[in-house]
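Reading through the structure tokens given below for one structure.
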Amino acid sequence: DAMVIQNPRYQVTQFGKPVTLSCSQTLNHNVMYWYQQKSSQAPKLLFHYYDKDFNNEADTPDNFQSRRPNTSFCFLDIRSPGLGDAAMYLCATSSDSRRTDTQYFGPGTRLTVL
Amino acid sequence: GNSVTQMEGPVTLSEEAFLTINCTYTATGYPSLFWYVQYPGEGLQLLLKATKADDKGSNKGFEATYRKETTSFHLEKGSVQVSDSAVYFCALRNQGGKLIFGQGTELSVKP
């Protein structure tokens, strides 16, 4: 089945220690998104790639970076995690950015910061 | 601007009860509307969608109709099961735009 895969499902890091979360897709979609979701809240968009074009949300902290080396993979780098960065991180894809295009989500990575 | 408002949860129902989760939206243009479901510890799964006025989305016994005149997209199910316990998110998307989520409604179904 075509899908969105996130690794690892659970990640523990230390305060200030860089961490990378991974997302891959077999859907061959043009657009890949990263969301942050804190407990009992809706997902918050951090940034997205349309093909190789990176689009950052205005309120995404500089501490968060992303890379998309090819169509299938996208990475979220947190340069110096703080306690407030503990959250579920969701990757999503869509074939395009038309209003009718569905976003398909991965299972998420739960990040704990000690 | 674009926004989505859902009824507050948690909603607690007995098994086989009728479910309605209200969703209203504010948007420029003609957005598409979505319902996503999130089970504990999991990502979001698309439940159903509608892309134009009067469209009805349906899946797994859930239904929602895109009502432009009332700017609503209420989620309904005739008979809920314990396995339907989850958080439900209503969302809209305009052309080239972000997916805008409501705050989510937690549903708990008791046997």
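Under a 1.4 Å probe, what is the accessible area of the protein assembly as shown per residue, stated in Å²?
Values: 10710 Å² over 225 residues.
Here the residues of the protein assembly as shown average 48 Å² of exposed surface.
With a cut-off of 8 Å between alpha carbons and a minimum separation of six or more residues, what is the relative contact order of chain A in percent? Mind dumping the intermediate values first?
Working: 272 pairs, mean separation 42.9, N = 114.
The normalised contact order for chain A reaches 38 percent.
With every protein chain left in place, what is the accessible area of A:E57 in Å² (1.4 Å probe, nearest 10)?
30
Quick one: buried accessible area between A and B, total over both chains, 1.4 angstrom probe, nearest 100 Å²? Walk me through the numbers on the way to the answer.
Values: alone 6430 and 6080 Å², together 10710 Å².
Roughly 1800 Å².
Compute the accessible area of each residue in the stretch A:94-114 twice, once for its chain alone and once with every protein chain present, using a 1.4 Å probe on heavy atoms, and list those whose area falls by at least 40 Å².
Buried by 40 Å² or more upon assembly, which counts only protein chains, are A:S97, A:R99, A:T100, A:T102, A:Q103, A:F105.
Taking only C-alpha pairs under 8 Å that are 6+ residues apart, what is the relative contact order of chain B in percent? Let's see the in-between values first.
On the way: 293 pairs, mean separation 40.9, N = 111.
With pairs under 8 Å counted, the relative contact order is 37 percent.
Could you work out, residue by residue across B:86-92, how many beta carbons of other chains sit within 10 Å of that residue's beta carbon, and then give the average as an integer?
Numbers: counts 0, 2, 0, 2, 1, 3, 1.
Taking all residues of B:86-92 together, the mean is 1.
Using a loss threshold of 10 Å², tell me which positions in the stretch B:1-35 are less accessible in the complex than in their chain alone. Probe radius 1.4 Å, ligands and nucleic acids ignored.
Buried by the other chains: B:Y30, B:S32, B:F34.
Rounded to the nearest 0.05, what FRET efficiency do A:S22 and B:S58 have when you use their Cβ-Cβ distance and R0 = 35 Å? Spell out each step's value before the answer.
Working: r = 35 Å, r/R0 = 0.99.
Efficiency, rounded to the nearest 0.05: 0.50.
Relative to 2.2 N^0.38 Å, what does the C-alpha radius of gyration of the protein assembly as shown come to as a ratio? Two decimals please. Mind dumping the intermediate values first?
Numbers: Rg = 17.6 Å, N = 225, 2.2 N^0.38 = 17.2 Å.
It is 1.02.
Around A:R79, under 12 Å between beta carbons, what's the net of Lys plus Arg minus Asp minus Glu among the other residues? Walk me through the intermediate numbers first.
Numbers: positive: A:K17; negative: A:D62, A:D77, A:D85.
The answer is -2.
So, taking all protein chains as they sit and a 1.4 Å probe, how much accessible area belongs to A:I5, in Å² rounded to tens?
60
Using only the alpha-carbon atoms of chain B, report the extent along each of the three principal axes, biggest first, to the nearest angstrom.
Rounded to whole Å, the extents work out to 43, 28, 21 Å.
Looking at the square roots a ≥ b ≥ c of the eigenvalues of the Cα gyration tensor of the stretch A:4-114, which shape do they give, rounded for a/c under 1.5, prolate if a/b is larger than b/c, or oblate? Let's see the in-between values first.
Working: a/c = 1.66, a/b = 1.66, b/c = 1.00.
The shape class here is prolate.
Using a 1.4 Å probe and counting only protein heavy atoms, arrange B:K68, A:K52 so the residue with the most accessible area comes first.
On the way: B:K68 95, A:K52 155 Å².
So the residues, ranked largest to smallest area, are A:K52, B:K68.
With a 1.4 Å probe and every protein chain kept in, tell me what percent of the accessible surface of chain B is carbon plus sulfur. The partial results should precede the final answer.
Details: 2450 of 5170 Å².
Its accessible area is 47 percent carbon and sulfur atoms.
So which chymotrypsin sites (Phe, Trp or Tyr not before Pro) in the stretch A:9-50 end up in coil per DSSP with only 12 or fewer other C-beta atoms within 10 Å?
On the way: sites: A:Y10, A:F15, A:Y33, A:W34, A:Y35, A:F47, A:Y49, A:Y50; in loops: A:F15.
Within the stretch A:9-50, the qualifying chymotrypsin sites (Phe, Trp or Tyr not before Pro) (loop, at most 12 other Cβ atoms within 10 Å) are A:F15.
Carbon-plus-sulfur fraction of the accessible area of the stretch A:1-101, 1.4 Å probe, in percent? Show your work: numbers first, answer last.
On the way: 2400 of 5070 Å².
On the stretch A:1-101, the fraction of accessible area on carbon and sulfur atoms equals 47 percent.
Report the calculated FRET efficiency for A:S40 and A:Q14 (r = Cβ-Cβ distance, R0 = 25 Å), to the nearest 0.05.
Numbers: r = 26 Å, r/R0 = 1.02.
The value I calculate is 0.45.
Heavy atoms only, probe 1.4 angstrom, no DNA, RNA or ligands counted: give me B:K60, B:K110 ranked by accessible area, highest first.
On the way: B:K60 130, B:K110 100 Å².
Reading off the accessible areas and sorting them downward yields B:K60, B:K110.
With a 1.4 Å probe and all protein chains kept in place, how much accessible area does B:L92 have, in Å² rounded to the nearest 10?
Spelled out: B:L92, probe radius 1.4 Å, area about 0 Å².
The values are calculated or read from the model by the stated rules, or taken from the named source; none is laboratory data. Because the structure is a prediction, the values reported are computed rather than measured. Positions of Cβ are generated from backbone atoms using ideal geometry, with glycine treated the same way; all protein chains shown enter the neighbour counts. Ligands, DNA and RNA are excluded from the accessible area calculation, which covers all protein heavy atoms including side chains. Shrake-Rupley method; radii C 1.70, N 1.55, O 1.52, S 1.80 Å.
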